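Since the structure comes first, as structure tokens, the remarks are kept for the end.
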């Protein structure tokens with residue numbers, strides 16, 4: 001193989017970002033928490049049109065901040081109709097006094113949970129203690145009201 005072809009292949013590999021991309025987690029609470037910490041989800045885009053600490057409602061908290069992974073952001077902006085498999089919606093739940101009390105996560109994983117839009121649901125405390133995870137009946141039951149919007153209350157995806 002000549003040097004220029006080898007160099008071009010090597011550069012495309014490094015520039016693709018795949019070398020440093022974190023592998024998507026399994027649908028378990030601890031794996032998702034570890035992944036979110038590894039990728040620093042707080043560096044992701046906010047849900048389009050939302051600011052940090054916007055007004056929330058029960059059961060999530062008085063104030064909310066919602067981050068979305070890159071593919072989720074692109075799907076929302078592009079009005080794709082649904083969030084792609086492998087993407088995340090991460091909502092920080094705060095008291096009226098701006099104290100973080102929980103992080104709630106929706107992680108889309110094709111084939112995981114057909115009855116719940118293929119979402120893995122997770123709620124954990126700021127110290128990482130898992131409060132709910134998996135096919136959470138309360139989450140699914142509530143969000144079923146907006147299943148035509150890919151189970152998301154926060155804003156339109158189509």
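The values are calculated or read from the model by the stated rules, or taken from the named source; none is laboratory data. In this text, all values refer to a predicted model and were calculated from it rather than measured experimentally. Quick reminder, even Gly has a Cβ in these numbers, built from the backbone with ideal geometry, and neighbours come from all protein chains shown.
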Quick check on my filter: what residues within the range 111-122 are surrounded by fewer than 21 Cβ atoms within 10 Å (Cβ to Cβ), in contact with a helix residue (DSSP H, G or I) (Cβ under 9 Å, 6 or more places away or on another chain) and closer than 15 Å to residue 28 by Cα? 113
Per the filter on the range 85-100, residues in contact (Cβ under 8 Å) with a residue 40 or more places away in the chain, more than 15 Å from the chain's Cα centre (by Cα) and part of a loop (DSSP other than H, G, I, E, B) are 98
Quick one: count up the residues across the range 61-84 that are touching a helix residue (DSSP H, G or I) at 6+ places or on another chain (Cβ under 9 Å) and free of Cβ contacts under 8 Å to residues at least 40 places away in the same chain. 5
Report yes if some residue within the range 56-63 is at pLDDT below 95, at positive phi and buried (at least 17 other Cβ atoms within 10 Å of the Cβ); otherwise report no. yes
Within the range 101-149, can you find the residues that are part of a loop (DSSP other than H, G, I, E, B), within 16 Å of residue 90 (Cβ to Cβ) and touching a strand residue (DSSP E or B) at 6+ places or on another chain (Cβ under 8 Å)? 109, 125, 126, 136
